[in-house]
Amino acid sequence: MKITKLLAVAGFLALGFLPIHKAYTEDTTQYWMKIRAEDKFQRTLIANTGVSIETTREDFVVGIGSLEEKNKVEALGLLEVSFPLTAEMDFPSKDAAFHNYAEMTDKLRSLTSQYSQIAQMSSIGKTYEGRDIWVVRISGDLAHADSLPAAIFMGGHHAREHLSIELPLYYIEYLLTEYAKGNPRVQRLVNGRDIHIIPMVNADGAEYDISTGSYKSWRKNRAKNNDGTYGVDLNRNYGYGWGGGGASTSPNSDTFRGPNAFSEPETQAVKKYVEDHQNITILLSFHTFSQLILYPWGHVYDSIANARDKQVHETMAKKMAEWNGYTPEQSSDLYIASGDTTDWSYGEHKIISFTFELDPANSGWGSGGFYPGAQVIPEVQRKNLEPVLYLIEYADNPYRVIDSGSGPIFKP
Ligand code: 0X9
Ligand code: ZN
């Protein structure tokens, strides 16, 4: 979203007092600020500078203010992070088709109000910097959705993986608009299922990545670590096998696991949401890039001990690969990494769980794999549609893929 600069107000009166070559023009830039504030007294000091406090957390606030107000906060010694809310706080113009947080929020609002009979938007909790983490729940029977088989889809665990947000967002739109058009397959799926879609888990990181108008290659969330560095890798912070290999203990590392399992508000919110919806049988977390379909385990080289569970993951991954052309494999065939989403969702909850590493296949030339350009969005959405519909379809009993003819196992 482009934040329109306020019209500059000419300092006519000031002109009379200033030498002509220093004609005064007021700077109307607004600044986003993360400000240390440990109690109401510090918050009052901040409010007295004129900064508008948007979010209040235990030891900091997020506020918006002018340059003069920012200078006052700085003089108080409380300013932690700031960036100008200029037209540059967005995707580079060539990538304007990607959704930033405000655009995504607007889109979810308008879709869920237009299709309110089958879709509900709610917040599963707040990010470290206080942004709502949105979920859209879709079902033909929202009032009794808890008693229907459920699938959950997530995107945006990693800040720079913006394409992973565009897919879940598109599938929300696809399901709602196709339902309304009378698409019989979508109507059948939506009427018989409880579908949960969280497009942007790491909203703080995604916004930070685009905050200067050129990409920062940021991966983690924006928690302040105890050594003054920023960020925990949310895909190393889940609680199954947390603390094992392939996750760093160093706060400055891109794969910092956090001080303990589920230390982060974003992973806590996902954990609580999944635990509150015991009908979830299938989970898919979108990441980029490499064109892979991954399934547990990721924290050890061993495969899943339960032969049927292993076979279901392998069979589904292979089937989905026929549609998107990705390579199906066990997560640790890529590399060992502990504390990822799917080891937890399968290990703790026996949810059949997948990670998709979307396009491109490799980093190639130029800006590399995380920033493939907006032109790839429609094609990647299209090639992953069938896998998504397939996962929704089999949420009643994923074991049907190996025991054809077996009835639903689903019991809420
Ligand atoms: O390392 C990750 O978190 C994922 N790759 S990414 O490039 N999107 O960062 C892969 C996670 C796969 N899980 C394990 N290997 N455990
Ligand atoms: Zn990722």
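Here, each number is a calculation from the coordinates, and none is a lab measurement. Remember, it's a predicted structure, so these values are computed and weren't measured experimentally. Neighbour counts are summed over all protein chains in view; Cβ atoms, including those assigned to glycine, are modelled from backbone coordinates with ideal geometry.
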Relative contact order [Cα under 8 Å, 6+ residues apart], the range 279-412, whole percent = 37
Which of the aspartates and glutamates could a cross-linker span from residue 107 if the Cα-Cα distance has to be under 15 Å and same-chain partners fewer than 8 positions apart are dropped?
-> 132, 166, 173
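Provide the net charge surrounding residue 248, with neighbours chosen by a C-beta distance below 11 Å and charges set as Lys +1, Arg +1, Asp -1, Glu -1.
For residues surrounding residue 248, the net value is +1.
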Please state the charge dipole magnitude for the range 21-86, taken about the Cα centre, from unit charges on C-beta atoms (+1 on K and R, -1 on D and E), reported in debye and rounded to the nearest 20.
-> 60
How far is it, in nm, from the label point at residue 335 to the one at residue 350 when both lie 7 Å from their Cα along the line to the Cβ?
-> 3.3
What is the extension gain from residue 400 to residue 249, computed as 0.36 nm multiplied by their sequence separation minus the C-alpha to C-alpha distance, in nm to one decimal?
-> 50.3 nm
Work through the residues other than residue 129 whose Cβ is under 9 Å from its Cβ and net out their charges, Lys, Arg +1 and Asp, Glu -1.
-> +3
Take every DSSP beta bridge whose two residues both sit in the range 101-401, then give the antiparallel share in percent to the nearest 5.
-> 35
What FRET efficiency do you get for residue 40 and residue 362 if R0 is 56 Å and r is their Cβ-Cβ distance, rounded to the nearest 0.05?
-> 0.60
Multiply the residue separation of residue 114 and residue 214 by 0.36 nm, subtract the distance between their alpha-carbon atoms, and state the gained length in nm to one decimal.
-> 32.6 nm
Compute the signed sum of charges (Lys and Arg +1, Asp and Glu -1) over the other residues within less than 15 Å, Cβ to Cβ, of residue 111.
-> -1
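Using the Cα centre of the chain as the reference point, and only Cβ charges (+1 on K/R, -1 on D/E), how large is the resulting charge dipole? Debye, rounded to the nearest 20.
360
Suppose every Lys and Arg Cβ carries +1 and every Asp and Glu Cβ carries -1, with no other charges. What dipole size does the range 160-248 come out with about its Cα centre, to the nearest 20 debye?
160
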Two-site label geometry, residue 107 and residue 68: point separation in nm, points 7 Å out along Cα→Cβ = 3.9
Where N is the number of residues in the chain, Cα Rg divided by 2.2 N^0.38 Å = 1.07
Among 206, 184, 171, which residue has its Cα positioned farthest towards the positive end of the charge dipole of the range 155-260, with +1 placed on the Cβ of Lys and Arg, -1 on the Cβ of Asp and Glu, and the dipole taken about the Cα centre?
-> 184
Stretchable slack from residue 96 to residue 226, in nm (0.36 nm times residue separation minus alpha-carbon distance) = 43.3 nm
Among 181/319; 126/383; 181/310; 271/318, the pairs whose Cα-Cα distance exceeds 30 Å are 126/383; 181/310
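How much mean residue ellipticity at 222 nm does the chain get from its helices, if each DSSP H run of length 4 or more adds -39500 (n - 2.57) and you divide by all residues, to the nearest 500 deg cm²/dmol?
The per-residue figure over the chain is -9500 deg cm²/dmol.
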Relative contact order as a percentage, the chain, C-alpha pairs under 8 Å and 6+ apart, gives 15
Answer with one residue from 325, 352, 63: the one whose Cα lies farthest towards the positive end of the charge dipole of the chain, charges on Cβ with Lys, Arg +1 and Asp, Glu -1.
-> 63
